[in-house]
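Below: the structure, in C-alpha cells.
Each reported figure results from applying straightforward, stated rules to the coordinates on display, with no laboratory input. Predicted model, so just to flag it, every value in this text is computed and none were measured. Here the Cβ positions follow ideal geometry from the backbone for every residue, glycine too, while neighbour counts run over all protein chains shown.
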Amino acid sequence: MIEDQTASAFAKGDSTFAAAVDYLAYARDTLVVIPAGNSGPDNVVFSVPADAYNGLTVGATDETFNKVASFSNTGPTDEVGAGRAKPDLLAPGVGIVTSFGGWEDDDGRDGSAAVNYKSQFVPADVTQFMAPNITAEDDIDSDWVTVSGTSFSGPIVAGAGALLQQWGTYKGMDTSNETMRAVMINSVNKVDGVLGMTRTIVDREDQDWLASEAYSSQDVPLDDQMGAGQLDVSRALVQYDAGEQGPGAVENIGWDKQSATVEGEFFDYLLGDALQAGDFISATLAWDRQTLYLDNGIVGVYEPGTDSLLGLPLDNLDLYLMLNDDTLTEQALWSSVSTVDNLEHLFWEIPAAGDYKLRVVFTEDVTFLPGFEATPDFTLAWWAGGAVVPEPGTGAVLVVMLGLVRGRVGSRG
C-alpha cells in the first residue's frame, strides 16, 4: 500500500509519484492500494498519488460502516469537474483499533535499550502522527490506539486483495492488477437486498447510490464520494471464485481477462440465465494506463533527473448492456462510456424479462510510440440476477481463513 504524503500538485495523474504507481501496477502487475486522503469535501485537489490511473483508491466510511466519513476525500481528480472518477471504493476508516508503535516491548529486540515510542507523544501528537486532522481519544501508555483516517481504510482493502491473490494462486487463477481491481470494485455493497448486498451505503448527504450521478449517467462510472460502494470481502470471494469465463455463454456471476488487439474489436458475454424485470446487474471493466520507464543513464540504476517515467495516452474501452439478439451498440439499453477513465462500471435495474449480454468494445487505440505498440489487457467482472448469493466453496473459506490466521500471528513477529 502506498500512502499519500503530498499536498501540492494539481492532481490529474501526471505527477512522478502517480506515474510510479502506474508503472508498478502496469509493468510489474502489482495491485497498488492507495488511501484517498483526509481533506474531506473541502479538498482543493484530489490527493497525490491517489489520483494515479492504475491504483485502487480507497475512501472511508464512518463508525456506522454505512456512510462516507466526513474527512474522506471527494473526487474527481480534476478540480474543474472534468477529471477521472475517484475514489474506487470505500472501507471502514473511523474508530479503527490498532497496535501502537513499540507495543511489543520497551526494550530493543536485540536486548539493547529502545525508544519507548508511546512516551514520545502526547495524544494530539499521536493524532497528527497516525491520522492527520483526525481525533483519537486513547491512553498514551496503552499498547493499542483507536484511530481514524483513510490510512486505515487502505490496509483493509490491501489485506483483502492479498487474500484473494493467495486463493487465486492456489487455484491457478489470474491474479493480475486488472482482475483484482475489477473483482473487488464489482462486488461492493451499494444497496441492501440488491444482488444479495447486505448494506446500503450513503454519502455525506445521506443519498444512496441510486440517487447518485453515477447511477443515472452513462459517462460517470463512479460516485465522487462513494466510488462504487464499500468493500465486502465475502462477496469479493464469491465474485472471484465464480472463475474466469467467456467470451461467449457465461454464468450470471463471473469474470474474464482478455487482450484487445484491434480498434473496433468487441467481446460479447451472454448471460446464461434470463433476467427478470426488477433484477439488477453490476459490471466492472478495468484496464491499465500503459506506463514506461525510460532508463536514460546507468542501466538498472534509477537516476533522478536522468531517468523518467512516461504515461502513454489512455486507450479507450467501453461497456454496454444489450439484449442477446441485438447487434449494434446503438441498441444498448445501458452503458458505461467514460472517455477519461480506465475503468467502466454500470449498475442498472433490468426493465423487462429477457436474455441479456454484456459487450466490451475497444473503442479507441491511442497508445503508440515509435518502436512501441501495445494494446490493452482488460478484466471484466459481472454479477446479475436476483438477491440469492451463492456461498463460496469450502476450500476458498479455509484458505482465506488460513491467511487471516497467518496474518494475525505474523503481525506479532
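Quick notes on this one:
- Extending 7 Å from Cα along the Cβ direction at Ser308 and again at Ser234 yields two label points whose distance is 5.1 nm.
- Calculated FRET value between Val299 and Lys171, using beta carbons and R₀ = 56 Å, to 0.05: 0.90
- Neighbour counts of other Cβ atoms within 10 Å put Val68, Val301, Val94, Val340 in the fewest-to-most order Val301, Val340, Val94, Val68.
- Modelled FRET efficiency - R0 30 Å, Ala27 with Thr64, Cβ distances, 0.05 increments: 0.15
- Ignoring lysines fewer than eight residues from Lys171 along the same chain, the ones with Cα atoms less than 18 angstrom from its Cα are Lys257.
- A simple spin-label model places pseudo-atoms 7 Å from Cα toward Cβ; at Leu270 and Glu330 they are separated by 2.4 nm.
- Within the straight-line cut-off of under 21 Å between alpha carbons, the lysines reachable from Lys12 are Lys86, sequence neighbours fewer than 8 places apart in one chain being disregarded.
- Each residue, Asp143 and Ala211, gets one label point 7 Å from its Cα in the Cβ direction; the gap between the two is 4.5 nm.
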